1. Any residue in the stretch 50-79 that's under 17 Å from Gly222 (Cβ atoms) and touching a residue at least 60 places away in the same chain (Cβ under 8 Å): show its pairings with residues that are assigned to a loop (DSSP other than H, G, I, E, B) and open to solvent by less than 30 Å² (accessible area, probe 1.4 Å) at Cβ separation under 6 Å, as long as the two are six or more apart or on different chains.
2. Is it true that Ser117 is under 19 Å from the mean Cα position of the chain (by Cα) and among the polar types (S, T, N, Q)?
3. Just for the stretch 101-117: of the residues that are open to solvent by 30 Å² or more (accessible area, probe 1.4 Å) and free of Cβ contacts under 8 Å to residues at least 40 places away in the same chain, which one is nearest to Ser370 (Cα to Cα)?
4. If a residue must be open to solvent by 10 Å² or more (accessible area, probe 1.4 Å), free of Cβ contacts under 8 Å to residues at least 12 places away in the same chain and small (Gly, Ala, Ser), how many such residues does the stretch 118-173 contain?
5. Which residue pairs have Cβ atoms under 7 Å apart, sit 6 or more places apart or on different chains, and have a first residue in the stretch 268-291 that is touching a residue at least 40 places away in the same chain (Cβ under 8 Å) and basic (Lys, Arg) and a second that is open to solvent by less than 50 Å² (accessible area, probe 1.4 Å) and assigned to a loop (DSSP other than H, G, I, E, B)?
6. With respect to Thr281, determine if the residue is of a type outside the set (A, V, I, L, M), buried (at least 20 other Cβ atoms within 10 Å of the Cβ), over 20 Å from Leu21 (Cβ atoms) and at pLDDT 95 or above.
7. Somewhere in the stretch 88-97, is a residue under 22 Å from Arg378 (Cα atoms), aromatic (Phe, Trp, Tyr) and in contact (Cβ under 8 Å) with a residue 60 or more places away in the chain?
8. Any idea which of Leu39, Leu31 is surrounded by fewer than 22 Cβ atoms within 10 Å (Cβ to Cβ), modelled with pLDDT of 95 or more, assigned to a helix (DSSP H, G or I) and in contact with a helix residue (DSSP H, G or I) (Cβ under 8 Å, 6 or more places away or on another chain)?
Amino acid sequence: MLSALDASPAQNWTRLDGVDLLRGLAIFFVLMNHVNMQLLFAHVPYTKGLPLQLVYSLVWNGQLGVQIFFAVSGFLITSTTLRRWGSLLQISVAGFYRIRFARIAPLLLLLLAVLSSLHLAGVEHFVVSQETGGLGRALLAALTFHVNYLEASRNYLPGNWDILWSLSVEETFYLFFPLICRFLGRGKFLVPLLLAFVVIGPFARSVAFNHNEVWREYSYLGGMDAIALGCLTALLIARVRFSRATLWALGIAGTATMSLTLFFSLYVYQWGLGRNGLSMTILTVGACMVIAVAAQTEWRASNLLSLVLAPILRMGQRSYEVYLTHMFIVLGVFQIFLAMGKPLRLVPVLFLTVIVLAGLLGELVARFYSEPMNRRLRKHRGLKTLSAERV
């Protein structure tokens, strides 16, 4: 009998607007959260008088945004692997690593070079303290994907370094992904292993099983369940073609589930789901439902809707570049805000300016550096580029 690992997806999509929309929403939440943190550090009481749930929904969903990123990443990596090699069993381990290197390394190495220069120049907000091991220790952590462990065991790194914790989780997962697919029982252990990640994830995030607050947010197992759910979603839709009614039901259920955790988070925490690490699992399941619908319907925004959604869709398409560079914008714009005397009336302008400029910087970096480097490295290795593979 044909297994999910042997299945070849029927879709021939290159981009999925629904998936890009999720990524755009995720990066929006990350940007809002990081601006919010700067305002809190500067003791700007901008939330005074606002409904508490509104505040949480707008500026405290950064961690949930990263969880959405993880789910999308797992789905796209698995889907494009099936499209490239026809089966996870036939995956080329070396080819997989070359593709990941071409996508991840150019911008990551450039970022580390810039951050190292700023550290050596003694620029405020960019100096890595000796408490965390100094520049050398931070570089080692970034290049060997354990920034999350370094911060949990010592202390937070400066903002531009701190964001690399999620890359540590993601790339550690993908370090072992092709090996398990290819060599461990010719892939037969993959699905049970993915399901094990899903089960373990909430425990890694729960207060009862993890007393380190930083590690609850940044741990490997606390993020890998979302990647695993994304992988399982790709394997499922490669095997099963859902009916129109089922797709409608999945779309409604997925949107409702995501809305519950994103926009009614206070109630979710009152129910104990956040403390037990389940709120992120619920969010991820909802996101995967939406991803499955977007993939099987190959939904694309209508002409009018695409104009309205164009900024967030583009932000989603450039999410990697925006994510790795946005803290330069956050810190730079915020310094201007501080120099102006922290006027409360300009706080909405501050948020909007950061979102617009972060999107523009991500677009410029992608168009003139990371994408050309990605294509050049793949061409050099004889690897065809799949447009949906830009994860």
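The values are calculated or read from the model by the stated rules, or taken from the named source; none is laboratory data. Keep in mind it's a predicted model, so treat the numbers as computed, not measured. For neighbour counting, all protein chains shown are included, and Cβ atoms are generated from backbone atoms with ideal geometry for every residue, glycine included. All accessible areas refer to the heavy atoms of the entire protein, side chains included, with ligands and DNA or RNA removed. Shrake-Rupley method; radii C 1.70, N 1.55, O 1.52, S 1.80 Å.
1. Ser73/Val391
2. Working: under 19 Å from the mean Cα position of the chain (by Cα): no; among the polar types (S, T, N, Q): yes.
Taking the combined requirement at face value, the residue does not satisfy it.
3. Taking the stretch 101-117 first, the residues open to solvent by 30 Å² or more (accessible area, probe 1.4 Å) are 101, 109-110, 113-114, 117.
Imposing the further condition that a residue be free of Cβ contacts under 8 Å to residues at least 40 places away in the same chain reduces the set to 109, 113-114, 117.
Numbers: Leu109: 11, Ala113: 15, Val114: 15, Ser117: 20 Å.
Filtering the stretch 101-117 for residues that are open to solvent by 30 Å² or more (accessible area, probe 1.4 Å) and free of Cβ contacts under 8 Å to residues at least 40 places away in the same chain, the one nearest to Ser370 (Cα to Cα) comes out as Leu109.
4. Number of matching residues: 4.
5. Listed pairs, sorted by first residue: Arg275/Ser206; Arg275/Val207.
6. Working: of a type outside the set (A, V, I, L, M): yes; buried (at least 20 other Cβ atoms within 10 Å of the Cβ): yes; over 20 Å from Leu21 (Cβ atoms): yes; at pLDDT 95 or above: yes.
So Thr281 passes the test.
7. yes
8. Details: Leu31 fails: surrounded by fewer than 22 Cβ atoms within 10 Å (Cβ to Cβ).
Residue meeting the stated conditions: Leu39.
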